[in-house]
1. What FRET efficiency do you get for residue 156 and residue 43 if R0 is 25 Å and r is their Cβ-Cβ distance, rounded to the nearest 0.05?
2. Please compute the modelled spin-label separation between residue 17 and residue 178, points set 7 Å along Cα→Cβ, answer in nm with one decimal.
3. If you find the alpha carbon centre of the range 1-40 and of the range 168-188, how far apart are they in angstrom?
4. Among 28-36, 78-86, what's the highest-first ranking by average C-beta atoms within 10 angstrom per residue?
Amino acid sequence: MTIEIGRGLAEARALADAHWQALLVYAALGVVFPFLLLSSDPIFSLRNIMAIVSDPSTNRVGGSITGPLYLLGIVAVITAGAMLAAWNAILAEMREGYISELMYGMVAGTAYLVTNIMLAITIGLVTGLRLAVVDPETLASGGTAVGIGLEIFRVLLSLVGAWIGVRLCLAGAIMGGRGKLEPLSAFVESWRLTRPAQWRLYGFYLLYGLIFAIPMVGLAMLHGAIIFANEPGGLLETLMSFGWILLFALYFLGQVLIPAGLYRTAEIGVAAREIFA
């Protein structure tokens, strides 16, 4: 049986209704806490970013890049851990409590994150070999044809990357639902389960990304307008921070619930097939 998207969304809604308290806790851990951590470094301030972009020669962020990269790494681990803890909370047959889920999430989330990073690096290296055959002088000199070709290559690369992401979208839910610490078998199983419905899932996730991209762009434009018109630290700028937190929290919940619902649908389909085989 193939994964049914409508049924998966219904399962996601049922999971949200049944586990809303745990989801709120892990959304706070995976979104609010990282947001506050990043806000502590000036380089992640939208006001500073806009100033640097508008006048790079005058506006600079001092200090080493090591600190921000270190902070990004901590935030990535916390967010991945919160996601795995949330999947474990809503999909496991029996909950073992927040402490157990958090401990599991931090370990499994780190493994999940590292595997994703290694996969992205591998894909980047493999696709980058395509450019290695192009003469460096040709790339440097540019030109209309070369520029158009590179843009087409980037678009195709992003589409292929999105397709791979769709094929692996169930891996985290599989790990959390079964309490697995090792991610490779979960990635393999996600690839297998999504194969029959891969193109429908691909279209769905493109639409899902667009739905979140529109308010994100709108919020960024509104935030930018407020920054230009007001002094730092004003009430409106503070309210914009709450807007970003709300948007990221909704995205976090979607990233947890949708794969969880789709995985539940896939599990039901596999069970039915085994019973009636």
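Every number here is computed from the coordinates shown, using simple stated rules; none is lab data. Quick caveat: nothing in here was measured; it's all calculated off a predicted structure. Cβ atoms come from the backbone with ideal geometry, glycine included; neighbour counts cover every protein chain shown.
1. Values: r = 32 Å, r/R0 = 1.26.
Working from the Cβ atoms, E equals 0.20.
2. The modelled label-to-label distance comes out at 2.9 nm.
3. 17
4. Working: 28-36: 18.0, 78-86: 25.6.
Ranking, from highest mean packing down: 78-86, 28-36.
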